[in-house]
Each structure stands twice: as C-alpha cells, then as structure tokens.
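The values are calculated or read from the model by the stated rules, or taken from the named source; none is laboratory data. These figures come from a predicted structure and were not determined experimentally. All Cβ positions, even for glycine, are placed from backbone atoms using ideal geometry, and neighbour counts span all protein chains on display.
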Amino acid sequence: MNVAANQNTLLKTIVLDKTIHNGTEVVMIKFPIDTELGNAVRKIKSTSWSRTLKSWYAPYTIAILNEIKAIFDPISRIDAQPLKDKIEKEKRNKKELNTETVEKIEKFKHWMQSRRYSENTIDTYLDALKTFLKYYHKKTITDISNDDVIEFNNEYILANKLSSSYQNQVVNAIKLFFKTMQNTSLNAELIHRPKTSSLLPKVISENEVAKIINALDNIKHKCMLSLIYSAGLRRSELLGMRINDIDKERMIVHINQAKGKKDRIVPLSETILLLLNYYYKEYNPKDYLFEGQDGNQYSERSLALVLKKACNLAGIQKKVNLHMLRHSYATHLLENGTDLRYIQELLGHKSSKTTEIYTHVSRRAISKIMSPLDKLSINIKGNK
C-alpha cells in the first residue's frame with residue numbers, strides 16, 4: 001500500500017445525506033463524536049445540531065456543499081453516497097401536478113390571502129400541501145381519503161424519519177385545504193395531529209447574556225441583540241420595527257401586527273435608550289429601526305450571524321439562537337418576581353398555558369426544594 005493510500009485509510013469519515021427538516025431541504029453531516037470534526041462543522045455557514053435528526057445539518061445548496069468539501073477534504077474522507085442515492089431517487093420519483101390540481105392550490109392560496117394569513121404561513125402550507133398531493137399525483141383530489149393520509153404519514157414522513165413538527169405542518173395544510181373543498185372522500189375533522197415532544201425552552205443565564213452583548217463593539221449589532229433580550233422580541237418583530245415604534249416620551253416599545261396579527265407594548269429599557277442614542281448618531285436610520293446595506297429591512301441571516309459572532313467572541317460554547325434570548329427574558333423576569341400574567345402580556349401569548357412553560361425552567365421555585373439527601377446524616381470525608 002502506498003503512502004497516500006495509507007493516509008486515506010487513517011482519515012476520519014463524514015457521511016452526507018439529505019432530508020426535509022422543519023419544512024426545509026437540508027444536507028445532513030454525520031460523524032462520530034470527534035473534537036476536530038466538531039470544530040470543523042461549526043465553520044460552515046448556517047449549521048445547526050438537530051436532536052431529532054441526531055446530526056449536524058445546513059441548508060441544501062451548492063454553495064454549502066462546496067463549503068463542506070473545502071473544509072472536510074483535508075481532514076476526513078467524505079462519504080456522499082447516501083446523498084447521491086437520495087438525489088437519484090428524487091429524480092426517478094419526480095412528479096408533476098396536473099393542471100386541475102395546480103388551479104385548486106392557487107385558489108387555496110387566494111383563500112388564505114383573503115383571510116390575511118401571514119406570508120410565512122401561506123408558503124409553509126403550500127409547500128407541505130404540494131408534497132402531499134405529489135405523492136398521490138395519480139389520484140384526483142376528490143378520490144384522496146383519510147386512509148391516504150395515514151399511508152403518507154407512514155410511507156413518506158416516518159420512512160424518511162422526518163420530524164413530528166413537519167408532520168404537523170402537513171396535517172395542518174391538509175386539514176385546511178380539504179375544509180375548503182367540496183365533494184371529497186376525505187373528512188378533515190377525522191385527521192389527527194401527531195403527538196409532539198414536550199421540550200422545555202432553552203435559556204442562558206443573565207451573566208451569559210451580558211457576556212454576549214458586551215463582546216460586540218459594533219453599536220448597531222449591540223443594539224439589536226440588546227433590544228431582543230430587553231423586550232422579549234421575536235426575530236421578525238425586531239426586524240420589522242420602525243423608528244417610530246420606539247416611544248421615548250412614554251418609555252414603551254410598540255410591536256405592531258406580531259404573531260396572530262396582534263399589537264402589544266412593552267417597557268423601553270433605559271439602557272436600550274442610551275444605546276439607541278449612540279446608534280442614531282452613527283447610523284441615522286430613515287425608516288426601519290435597523291436597516292440593511294440597501295436601506296431595506298435587515299436580513300434574518302445577517303442577524304443570526306451577529307449572534308454567532310458575539311457568542312464566539314464571548315467564549316460561549318453552547319449553541320445559542322435568537323429565540324433563546326426571548327426565552328431567557330421571560331425566565332429571568334419570572335426569577336426576579338414578575339407575575340406570570342404580566343409576562344404573558346409582554347410576550348404576546350394568547351394562552352396562559354404557553355407562558356406557564358417558563359415555570360419549569362425557572363430556578364426561583366426549584367432552588368427552594370430541599371433534596372431528601374440533605375436531611376440525612378452523611379459522612380462527607382468517608383469512614384477513615
């Protein structure tokens with residue numbers, strides 16, 4: 001065996017595959033636990049770890065595939081056969097919707113628009129619905145039954161190990177679509193949603209929040225992350241905010257047409273006001289509070305990269321996303337004694353049950369519980 005061949009056998013192996021995750025086509029990057037490979041995968045843009053997939057993943061694009069090759073080629077062997085097999089299978093199974101189905105989908109889109117569904121919801125429902133209808137492209141819509149939904153769940157979603165959240169999106173889209181249809185074999189009321197995992201919101205400590213914000217020198221970036229945390233904002237709420245939404249006189253922040261088409265107000269932090277004064281002087285925004293380079297709305301991807309950079313500079317090793325700042329805001333309010341009903345209003349939750357989940361991650365109540373071990377007489381130093 002020559003030297004090059006011998007070196008190749010010593011290289012670690014990563015496996016590439018593809019799937020649908022949270023309604024988006026992604027490439028999965030699989031490898032055993034390894035520090036070198038773990039550090040390498042974090043260099044790829046938009047990578048995340050999924051407990052559902054038990055794999056690292058990133059958006060499935062040519063640019064990402066090229067980046068994976070450039071980063072991993074020098075340190076590992078890339079096994080892309082599962083990815084190639086999946087691509088070939090998709091080519092063989094590529095199905096086109098007939099004209100009648102396309103027209104009904106378009107009519108469904110207009111129906112949702114007339115009822116003012118958000119653009120994100122419309123896009124998500126249409127993508128999920130098309131996936132389902134393409135699976136039964138040989139059937140007419142009127143012939144699709146409840147049994148077909150069960151078969152789709154088993155043979156497509158479960159067989160491809162797709163997440164329960166994606167399955168729920170498909171079910172929501174099917175139920176809503178078939179409720180608008182007439183003379184069909186499918187009864188939308190009999191379609192059951194999948195059981196979903198009960199996951200606690202992930203939070204970071206007040207100290208970690210401070211480290212992340214203080215790591216940034218750019219006043220614009222510092223303001224964006226600070227405002228998300230100080231007001232418990234969703235990413236879309238921050239990016240859609242206009243200059244006039246900051247009310248300095250009344251010391252409140254207006255959040256307009258948020259999730260569920262609801263407006264709400266939250267207190268304006270005095271620290272945020274100071275930061276904004278410096279930010280206004282340096283950037284002088286014209287319309288949106290935080291503008292992109294073209295003067296339009298700042299992009300979601302750029303905001304995510306700001307947080308990623310801040311975490312790296314602060315030495316935060318855990319995976320932190322923007323929504324964790326909102327979760328942390330709610331949890332820290334609760335730990336500092338704020339009534340749960342006020343937190344519900346500040347977050348814009350329709351149901352108090354949604355807000356109550358933060359009681360499960362708050363240290364305030366948990367720290368008061370005494371372990372039964374502490375009541376026992378234990379010899380700490382042993383029996384010597």
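For E155, the conditions (1) without any contact (Cβ under 8 Å) to a residue 24 or more places away in the chain; (2) of a type in the set (D, E); (3) under 29 Å from K318 (Cα atoms) all hold with the exception of (3).
Screening the candidates L216, L162 for the property of being in the same structural domain as N321 (by TED's automatic domain parsing) and under 28 Å from K318 (Cβ atoms) yields one hit, L216. In the range 178-225, the residue that is surrounded by the fewest Cβ atoms within 10 Å (Cβ to Cβ) out of those that are within 20 Å of the chain's Cα centre (by Cα) and of a type outside the set (A, V, I, L, M) is S198.
For first residues located in the range 95-119 and more than 17 Å from H137 (Cβ to Cβ), partners that are at pLDDT below 90 and among the charged types (D, E, K, R) and lie 6+ apart or on another chain with Cβ distances below 7 Å form the pairs R116/K261. Against the conditions (1) within 18 Å of L303 (Cβ to Cβ); (2) without any contact (Cβ under 8 Å) to a residue 60 or more places away in the chain, L273 satisfies every one except (1). Of all positions in the range 278-299, at least one carries a residue that is surrounded by fewer than 16 Cβ atoms within 10 Å (Cβ to Cβ), within 19 Å of the chain's Cα centre (by Cα) and either polar (S, T, N, Q) or closer than 14 Å to H221 by Cβ (or both).
Residue-wise test of (1) in contact with an Asp or Glu (Cβ under 9 Å, 6 or more places away or on another chain); (2) without any contact (Cβ under 8 Å) to a residue 60 or more places away in the chain; (3) under 22 Å from E237 (Cα atoms).
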site	(1), (2), (3)
Q317	no, yes, no
H332	yes, no, yes
L347	no, no, yes
S352	no, yes, yes
I357	no, no, yes
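Only a single item in (1) of a type in the set (K, R); (2) under 25 Å from D147 (Cα atoms); (3) out of contact with any Lys or Arg (no Cβ under 8 Å at 6 or more places or on another chain); (4) at pLDDT 85 or above is not met by K84, and it is number (2).
Here's a check for you: in the range 114-129, which residue that is of a type in the set (S, T, Y) and within 22 Å of L97 (Cβ to Cβ) is surrounded by the fewest Cβ atoms within 10 Å (Cβ to Cβ)?
Here the answer is T121.
Restricted to strands (runs of 3 or more DSSP E) entirely inside the range 24-103, those with at least 2 residues that are under 24 Å from D127 (Cβ atoms) are 24-30, 48-50, 55-59. The condition (being touching a Ser or Thr at 6+ places or on another chain (Cβ under 8 Å) and either over 22 Å from T24 (Cβ atoms) or touching a residue at least 12 places away in the same chain (Cβ under 8 Å) (or both)) is satisfied by just one residue among I68, I64: I64.
If I go through the range 242-261 residue by residue, how many of them are in contact with a Gly (Cβ under 9 Å, 6 or more places away or on another chain) and not in a loop (DSSP other than H, G, I, E, B)?
Final tally of qualifying residues: 4.
For the condition surrounded by fewer than 14 Cβ atoms within 10 Å (Cβ to Cβ), out of contact with any Gly (no Cβ under 8 Å at 6 or more places or on another chain) and at pLDDT 90 or above, K69 qualifies. Of all the criteria given as (1) farther than 21 Å from H21 by Cα; (2) of a type in the set (S, T, Y); (3) not assigned by TED's automatic domain parsing to the domain that holds G23, the one not satisfied by T121 is (1).
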